[in-house]
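Just below is one structure, and these are the notes that go with it.
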Protein chains: 2
Amino acid sequence: MRKTYLLTPGPTQVPDRVLALSARQIIHHRTPQFTAIMEEVNAGLKYLFQTKQDVLLLASSGTVAMDAAVTNLFKTGDKVIAINGGKFGERWSKIATAYGLQTVELKLEPGTAATVKQVEALLVANPDARGVLFQASETSTGTRMPTREICALTKSRKDCISVVDAITALGVFDLPMDDWGIDVLITGSQKALMLPPGLACLALSDKAWGLAANANIPKFYFDLSKEKKAIAKGQTTWTPPISLIIGLQETLKMIREEGLHNVFKRHDLLARATRNAVKALGLEVLSKDPSNAVTAVRVPAEIKDGKLIPKTMRDKYGVSIAGGQDELEGKIFRLTHLGYIDRFDVLIGIGALELTLQDLGYSKFQFGTGTGAVLQTYKLT
Amino acid sequence: MRKTYLLTPGPTQVPDRVLALSARQIIHHRTPQFTAIMEEVNAGLKYLFQTKQDVLLLASSGTVAMDAAVTNLFKTGDKVIAINGGKFGERWSKIATAYGLQTVELKLEPGTAATVKQVEALLVANPDARGVLFQASETSTGTRMPTREICALTKSRKDCISVVDAITALGVFDLPMDDWGIDVLITGSQKALMLPPGLACLALSDKAWGLAANANIPKFYFDLSKEKKAIAKGQTTWTPPISLIIGLQETLKMIREEGLHNVFKRHDLLARATRNAVKALGLEVLSKDPSNAVTAVRVPAEIKDGKLIPKTMRDKYGVSIAGGQDELEGKIFRLTHLGYIDRFDVLIGIGALELTLQDLGYSKFQFGTGTGAVLQTYKLT
């Protein structure tokens with residue numbers, strides 16, 4: 001008997017309350033019963049998004065909402081600025097390019113956030129830019145971007161919107177959509193929403209809906225104007241992932257019970273505990289602007305094959321964490337403290353990491369150094 | 001206490017075996033454990049599709065696979081023939097038109113199937129047609145189309161493929177993809193696959209893959225050539241709906257245990273029992289070429305508001321069936337015998353129908369007439 005623990009940046013653990021609901025028989029979606037669920041879900045998502053806008057639901061993973069944002073908001077040939085701080089920022093460029101947009105890319109060193117000056121300079125140099133596309137939290141490097149400040153720049157420009165992938169940010173730290181002037185805010189079910197993958201959520205500001213009216217990229221299934229009409233009636237255009245939406249009703253209830261700002265505080269505590277533990281072990285956090293969703297850690301020089309860290313943690317200790325992706329493969333590993341995660345989940349993750357590091361020949365610490373730093377962080381709070 | 005029964009053409013009932021699995025904690029998808037599941041699922045889907053091709057998995061409902069078939073197989077301006085036998089046939093036209101294809105539509109009377117002559121005449125008149133898009137089973141009217149014969153026509157033409165929406169057909173009646181020369185075969189999870197909605201499956205013939213190489217409609221998320229590479233490694237391009245794929249592993253196991261041809265026989269028996277019952281009650285089956293997935297029945301003249309039939313069945317008796325859609329709204333109701341359905345499910349549906357018809361003033365039959373016809377059909381088999 002060996003328990004397994006999921007500490008990856010998505011899918012994240014699903015609460016027992018939701019798993020129990022998943023075992024119930026499916027219901028039909030074109031019914032008053034399902035409409036009532038949709039209405040409660042929409043109210044819960046407005047609370048989470050901190051917006052008065054309806055929040056649209058799309059079947060598929062979060063990336064589909066990035067795709068739909070591009071096809072529904074822009075015209076072929078439109079210019080957009082894409083902030084590439086890693087694998088997910090790069091995805092914005094790829095999507096925009098695939099649909100025939102002109103993409104001005106701000107390529108960042110892995111682990112650094114864009115500065116307001118950099119973004120402002122690009123907007124000044126490209127006054128015809130119709131959007132700034134970026135990640136609130138770049139999952140591949142564990143980096144938080146200055147969302148509020150970037151949105152302040154787009155807010156003051158007439159035909160330029162902010163399009164924010166908050167897939168690992170929403171429900172982790174504060175992103176008040178309406179207050180900050182976020183024009184498009186995107187998330188996915190398998191992150192802080194604590195559900196299996198297969199559902200994306202996004203909301204558009206009035207300014208974004210204005211741009212949507214002129215978009216001309218061909219699309220059919222993911223047509224946000226159709227979804228806007230459907231959600232107003234407590235429905236979706238197409239058959240929705242019913243079981244995930246029923247689960248979402250439950251996790252949104254949990255978020256309300258805890259209180260959104262307590263959810264942020266919990267993530268902040270767990271992220272700090274993780275960073276403190278990693279530093280106590282003599283390791284380096286990759287990001288200069290770390291996100292509270294995921295902590296990317298540089299593989300120490302003593303361990304030649306960095307891919308062995310997540311592999312050993314999973315295969316020997318049953319603790320799933322993430323490695324690095326693309327150019328960061330083997331160079332970093334990523335500990336996640338996102339979603340249905342509490343203090344002792346982090347303790348487990350750091351405990352397994354201590355064992356793994358010693359197994360792989362990085363042994364310049366005494367057992368208990370990392371876990372001690374975790375506990376010390378909790379004590380101070 | 002009142003039990004509820006789902007007899008709609010999707011979502012269909014989910015077996016207990018799958019519900020129990022749904023209550024297990026989620027696993028990560030980039031793992032050997034998940035790859036093993038994907039490989040077993042792919043083998044099971046090949047058995048179901050009766051093909052040697054890999055079967056691709058897309059997050060979303062079945063319609064997304066129709067959308068992806070158009071964007072991945074055709075070029076802007078290509079001509080296609082779309083067979084419109086109802087709401088889902090019409091959808092082919094809408095999708096093709098949305099992406100800038102020239103659509104030649106064969107519009108049929110509701111409840112009639114296309115004839116081979118009609119399709120052949122259109123192919124002769126349009127030698128430049130690149131595809132014939134149709135439903136193996138048109139769900140809105142409960143009509144079966146002559147898939148084998150239509151595919152024989154496209155098979156003999158060099159650059160013209162058959163694109164078959166089998167969302168309510170696959171796993172209901174025989175559709176041997178490779179044998180019949182079906183070029184694109186599509187289904188969705190919430191039908192005969194007995195799962196919640198949120199997953200579409202499709203396979204392409206070599207001829208279809210050939211066309212795909214020249215397709216030029218912009219796309220990003222649903223790029224079948226990427227999925228083809230991913231499935232060969234037991235993966236999907238994007239984060240998949242993990243919980244549904246784990247459920248699919250189980251329902252494919254169930255289909256194998258029963259045996260595909262026994263699954264077809266069961267559907268045939270239940271469909272005949274339903275049609276016999278409906279006729280015994282003095283009602284008329286809409287379709288001249290009825291599908292074994294769903295039986296559409298004309299609302300009798302004695303019942304003025306046909307929408308009351310599904311409403312009464314659901315709200316008074318707890319049995320969900322479907323009404324008519326669009327122009328057929330209020331004119332028909334649809335009894336489904338698709339997926340995780342056995343003999344006594346049909347008996348329940350017909351029992352509730354007898355009660356409902358009498359409630360609504362159609363009383364020219366004795367109680368037991370419909371259910372008797374159901375039992376008589378079973379006796380004869």
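Counting only strands (runs of 3 or more DSSP E) that sit wholly inside the stretch A:25-119, those with at least 1 residues that are more than 13 Å from chain B (Cβ to nearest Cβ) and among the charged types (D, E, K, R) are A:79-84, A:102-107. Applying the criterion of being among the acidic types (D, E) and assigned to a helix (DSSP H, G or I) to the residues of the stretch A:256-285, the residue that is surrounded by the most Cβ atoms within 10 Å (Cβ to Cβ) is A:D268.
When the criteria are applied in full, A:S162 fails the requirement of being hydroxyl-bearing (S, T, Y), touching a Phe, Trp or Tyr at 6+ places or on another chain (Cβ under 7 Å) and crowded, with 24+ Cβ neighbours inside 10 Å. Given the options B:A43, B:A68, B:A36, B:A129, name the one that is buried (at least 24 other Cβ atoms within 10 Å of the Cβ) and small (G, A, S). Result of the check over B:A43, B:A68, B:A36, B:A129: B:A68.
Among all positions in the stretch B:250-264, there is no residue which is closer than 23 Å to B:S205 by Cα and aromatic (F, W, Y).
Of the residues examined, A:L19 is one that is modelled with pLDDT of 95 or more, out of contact with any helix residue (DSSP H, G or I) (no Cβ under 7 Å at 6 or more places or on another chain) and part of a helix (DSSP H, G or I). For first residues located in the stretch A:143-170 and in contact (Cβ under 8 Å) with a residue 24 or more places away in the chain and within 26 Å of A:V294 (Cβ to Cβ), partners that are of a type in the set (D, E) and in a loop (DSSP other than H, G, I, E, B) and lie 6+ apart or on another chain with Cβ distances below 6 Å form the pairs A:T143/A:D289; A:R144/A:D289; A:S162/A:D183.
Within the stretch A:343-368, the set of residues being assigned to a loop (DSSP other than H, G, I, E, B), surrounded by 16 or more Cβ atoms within 10 Å (Cβ to Cβ) and of a type outside the set (F, W, Y) comprises just one member, A:L360. Considering only residues in the stretch B:296-342 that are in a loop (DSSP other than H, G, I, E, B) and on the phi > 0 side of the Ramachandran plot, the one that is surrounded by the most Cβ atoms within 10 Å (Cβ to Cβ) turns out to be B:G339. Test B:Q13 against the stated conditions and say whether it is within 14 Å of chain A (Cβ to nearest Cβ) and either more than 28 Å from B:P176 (Cα to Cα) or not in a helix (DSSP H, G or I) (or both). Taking the combined requirement at face value, the residue satisfies it. Checking each residue in the stretch A:1-10 for being assigned to a loop (DSSP other than H, G, I, E, B), of a type in the set (S, T, Y) and either more than 8 Å from every other protein chain (Cβ to nearest Cβ) or surrounded by fewer than 17 Cβ atoms within 10 Å (Cβ to Cβ) (or both) picks out only A:T4.
The values are calculated or read from the model by the stated rules, or taken from the named source; none is laboratory data. The structure displayed is predicted, hence computed values, not measured ones. Cβ: placed from backbone, ideal geometry, glycine included. Neighbour counts: every protein chain shown.
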